[in-house]
Amino acid sequence: MLGIMGDPVVEEPVSKVSELCHKCGQFHLLQDNHLYNFQDEVDDELVCHICLQPLLQPMDTPCGHTYCFKCLENFMQEYNFCPMDRKKLCFQHCRKSSLLVRNLLDKLTVLCPFQKECLQTMQRCELEAHLQNRCPGFKKYKSELEKRKNPHFRGKEDPITKEETNPAREAEVSDGLSALVAESSIAAVVSLGTVEPGLVNPAFEEGEEGDQSQKASLLAETSIVEIHRDDPEEDLGMRIVGGKDTPLGNIVVQEVLRDSVVAADGKIAPGDHILEVNGVNISSVTHCQAISLLRQPGPVLHLMVLQEKGFSNRTASQDSNSAVNQEVIHVTLMKRDPSEPLGIKLIRKTDETGIFILDLLDGGLAAKNGKLSRNDKVLSINGQDLRQGTPETAAQIIQTSEARVNFVVLRQTGVQLPEATEEGGTPTSSSSSNGGSPVHQRRRPDQNHYRRKSNYQKDLPQGYRSQEKTIALRKEPKESLGITIGGGRDNKNKLPIYITSVQPIGCLFRDGRIKRGDVLLSINGIDLTHLNYYEAVSALKSNAASHTVVLKALEMLVPEPPEPSLEIREHGFSWSPLWITWLGLPTYLHCCQDIVLHKSTSESWGFSIVGGFEEGKGNQPFFIKTIVPATPAFRDRRLKCGDEIVAVNGVSAVGMSNSALIPMLKEQKNKVTLTVVSWPGSLV
């Protein structure tokens, strides 16, 4: 179906200047849909049966039909039934179509509406940026419009002046927090050429010339994962971030813990979006609600997840579709003692990323097991994602494993292993006794963490509060405070010291003002906020011997306090605050880290963001939402989903809108310094 509109022209009457839409480059009423000139016939399944045009902001009805948001909204103002089957319908019961469908629609190819001056074609989602930044026809139109608005410019051939202010953007249904909704349990591979408003689109970094050959599609896949547990009460062993009560919107896996149930299964990796739990859609639930669903006991847990698969060049996509059978295989090897070698030699290939099995040594544990084969591609070991890993990394994971080593490998039939040199091959033994050289782990320079600078500080997110309290009490010298603590600046996330429990035997329990989750600021004037765990324990013990103890603490209050049933015991012994609790920590207690990423000119940075200033919502933090495999952000391995971006190249992101931060990130061609704050995800 071709939706061809005429070339837009500036209307002649001067009394009232009618302006083109700055998003689609066509004339239409504000309450009507944008208009596009589609290059090719559009599949009828992607067409709205009200306006008979390709869907815009598609909405699904409970009876299974899909319409444009504005079309359905206008229709429902007069009628109370579905236009297709005339079943009774309430607009509030309709929901936004899945992210997969919306991305397929946004990838439809359109023509520039200024065909006389510009013959470019592009994806529908790219038209607005094309008009604003590159289209000579739209620049000419704006110049003509300025002359008509301001008679003093008539007859002058002045260069095009910089546009003063963009008109207020039309309110959209999607708000940057919209959920990833899976419509079926069937695995589907799609090309994510665009993302929701508020996201840096990692799938398309356009050069000045807009070279079509350089464009790449971001592949993602939804699939059902079954997690089996011998103990129905056992934790899954992964950390999650997000929820509809946060800018992230979706529930995202931040980390998979080693030797956990999820790690042994090997199918879930950091960055995966969890869409459903046991058939229940969790794409629009709060953080606490998601935890409650994920912590349901049971021998089998069914999860629907969306996983980023990386970029695929459009021009080369047909070449890669070779008819090769692939099979994902899970293999568990049991070491009799931690130092026992597996007898596997791993290599890199020059033409493909990842790690491959070069050889299984005769008499070795892997050869005796018989389930691994030459040329298997190692996807993960003990839950650690190695799709872009190195043999050295794999060897380190194997050497630190106690007894069980869980492999997930990809096996292709009918593929010959290319000749490989010993360079890059690393035996997976713990020493050179297995016939290979010992592993030399590349050491990363010290990751300098520092307190959040004054110009990086911000107010707490909407709904969050914190209050300081001073507790002065008299006690017997030998009487215990009766508290246990967690955190410390030596912690992986550089957390402040916080209370993990208040025991009924101590003086603080009797006083009643200190609560679990409170952050300890000082004791008897000694600052605790910069101490590591052991230094804090020593300071608390030495000062607890006094007759008088003065404690300063901070209580963090979140918009939706977690239910007592969500009190998680990490690793079976220690309580930890939920991820959303840390969002309420005052910024002067944050510990920042500078992460420098490097890339080639043709690469994307490989991450997406949500958050920023929005009318009606105020200032929200910027969070990392997606990290794409085989990109600079993924290879660096320091950024995690849920990390807050504080600054870019030393420029504070506080108070910025996403429309201001996104261009700043895209302008960085080969190097960018991200200042981030990282909080541990909630354990499930």
Result of the Cβ filter at 9 Å on segment 647-674, keeping first residues that are farther than 18 Å from His590 by Cβ and charged (D, E, K, R) and partners that are modelled with pLDDT under 85 and open to solvent by 30 Å² or more (accessible area, probe 1.4 Å), at least 6 apart or interchain, is Lys666/Glu205; Lys666/Glu206; Lys669/Thr601
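Give the residue that is most open to solvent (accessible area, probe 1.4 Å), with candidates limited to residues of segment 465-497 that are hydroxyl-bearing (Ser, Thr, Tyr) and out of contact with any helix residue (DSSP H, G or I) (no Cβ under 9 Å at 6 or more places or on another chain). Walk me through how you get there before you give the answer.
Quick first cut of segment 465-497, residues hydroxyl-bearing (Ser, Thr, Tyr) only: 466, 470, 480, 484.
Those left that are additionally out of contact with any helix residue (DSSP H, G or I) (no Cβ under 9 Å at 6 or more places or on another chain): 466, 470, 484.
On the way: Ser466: 43, Thr470: 79, Thr484: 55 Å².
That would be Thr470.
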Filtering segment 601-622 down to residues that are free of Cβ contacts under 8 Å to residues at least 40 places away in the same chain and in contact with a Phe, Trp or Tyr (Cβ under 6 Å, 6 or more places away or on another chain) yields none
Output for Cβ contacts, cut-off 6 Å, separation at least six or different chains, first residue under 12 Å from Leu236 (Cβ atoms) and at pLDDT 90 or above in segment 280-306, second open to solvent by 10 Å² or more (accessible area, probe 1.4 Å) and in a helix (DSSP H, G or I), reads Ile291/Leu566
Considering residues that are touching a residue at least 60 places away in the same chain (Cβ under 8 Å) and not in a strand (DSSP E or B), the number found within segment 365-396 is 4
When segment 589-603 is checked residue by residue, the ones that are closer than 19 Å to Val648 by Cα and open to solvent by less than 30 Å² (accessible area, probe 1.4 Å) are His590, Cys591, Cys592, Gln593, Ile595, Leu597, Lys599
Reported set for segment 82-109 where residues are exposed (fewer than 15 other Cβ atoms within 10 Å of the Cβ) and either in contact with a Gly (Cβ under 8 Å, 6 or more places away or on another chain) or over 20 Å from Asn33 (Cβ atoms) (or both) is Asp85, Arg86, Lys87, Lys88, Cys90, Gln92, His93
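Determine whether segment 333-342 contains at least one residue that is closer than 28 Å to Asp272 by Cβ and surrounded by fewer than 21 Cβ atoms within 10 Å (Cβ to Cβ).
As a first pass, look at segment 333-342 and keep what is closer than 28 Å to Asp272 by Cβ: 333-334, 342.
Of the ones still in play, those that are also surrounded by fewer than 21 Cβ atoms within 10 Å (Cβ to Cβ) are 334.
Yes - at least one qualifying residue is present in segment 333-342.
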Reported set for segment 230-288 where residues are charged (D, E, K, R), under 16 Å from the mean Cα position of the chain (by Cα) and in a loop (DSSP other than H, G, I, E, B) is Lys244, Asp245, Asp272
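Tell me whether segment 257-265 contains one or more residues that are touching a helix residue (DSSP H, G or I) at 6+ places or on another chain (Cβ under 9 Å), modelled with pLDDT of 85 or more and open to solvent by 20 Å² or more (accessible area, probe 1.4 Å).
Yes - at least one qualifying residue is present in segment 257-265.
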Filter segment 635-649 for residues that are under 27 Å from Gly389 (Cβ atoms) and outside any loop (DSSP other than H, G, I, E, B); the one that is most open to solvent (accessible area, probe 1.4 Å) is Arg635
Picking from Gly363, Gly424, Gly370, Gly343, the residue that is over 32 Å from the mean Cα position of the chain (by Cα) and modelled with pLDDT under 85 would be Gly363
Quick count over segment 36-68, residues being open to solvent by 30 Å² or more (accessible area, probe 1.4 Å), within 22 Å of Pro113 (Cα to Cα) and free of Cβ contacts under 8 Å to residues at least 40 places away in the same chain, is 2
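Among the residues of segment 650-684 satisfying the criterion of being in a strand (DSSP E or B) and surrounded by 15 or more Cβ atoms within 10 Å (Cβ to Cβ), which is farthest from the chain's Cα centre (by Cα)? Can you show your working first?
So in segment 650-684, the residues in a strand (DSSP E or B) come out as 651-652, 671-677, 682-683.
After this cut, where a residue has to be surrounded by 15 or more Cβ atoms within 10 Å (Cβ to Cβ) as well, the list is 652, 672, 674-677, 682-683.
Details: Ser652: 21, Val672: 19, Leu674: 16, Thr675: 17, Val676: 14, Val677: 15, Ser682: 15, Leu683: 17 Å.
Only one residue tops the list, namely Ser652.
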Scanning segment 354-364 for residues that are assigned to a loop (DSSP other than H, G, I, E, B) and open to solvent by less than 40 Å² (accessible area, probe 1.4 Å), the one nearest to Pro629 (Cα to Cα) turns out to be Gly354
Of (1) closer than 19 Å to Arg95 by Cα; (2) in contact with a Gly (Cβ under 7 Å, 6 or more places away or on another chain), Phe69 satisfies every one except (2)
Taking segment 71-107 and keeping only residues that are assigned to a loop (DSSP other than H, G, I, E, B), out of contact with any strand residue (DSSP E or B) (no Cβ under 6 Å at 6 or more places or on another chain), among the hydrophobic types (A, V, I, L, M, F, W, C) and in contact (Cβ under 8 Å) with a residue 24 or more places away in the chain, one is left with Met84
Within segment 516-548, the residues that are surrounded by 14 or more Cβ atoms within 10 Å (Cβ to Cβ), over 20 Å from Arg451 (Cα atoms) and either free of Cβ contacts under 8 Å to residues at least 40 places away in the same chain or touching a Lys or Arg at 6+ places or on another chain (Cβ under 6 Å) (or both) are Ile523, Asn524, Ala539, Asn543
Counting only residues in segment 551-588 that are outside any loop (DSSP other than H, G, I, E, B) and modelled with pLDDT under 55, the one least open to solvent (accessible area, probe 1.4 Å) is identified as Glu570
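The values are calculated or read from the model by the stated rules, or taken from the named source; none is laboratory data. Just so we're clear, the structure is a prediction, and the values are computed from it rather than from any experiment. Here the Cβ is made from the backbone with ideal geometry for all residues, glycine too, and neighbour counts use every protein chain on show. SASA here: full protein model, heavy atoms, side chains in, ligands and nucleic acids out. Shrake-Rupley method; radii C 1.70, N 1.55, O 1.52, S 1.80 Å.
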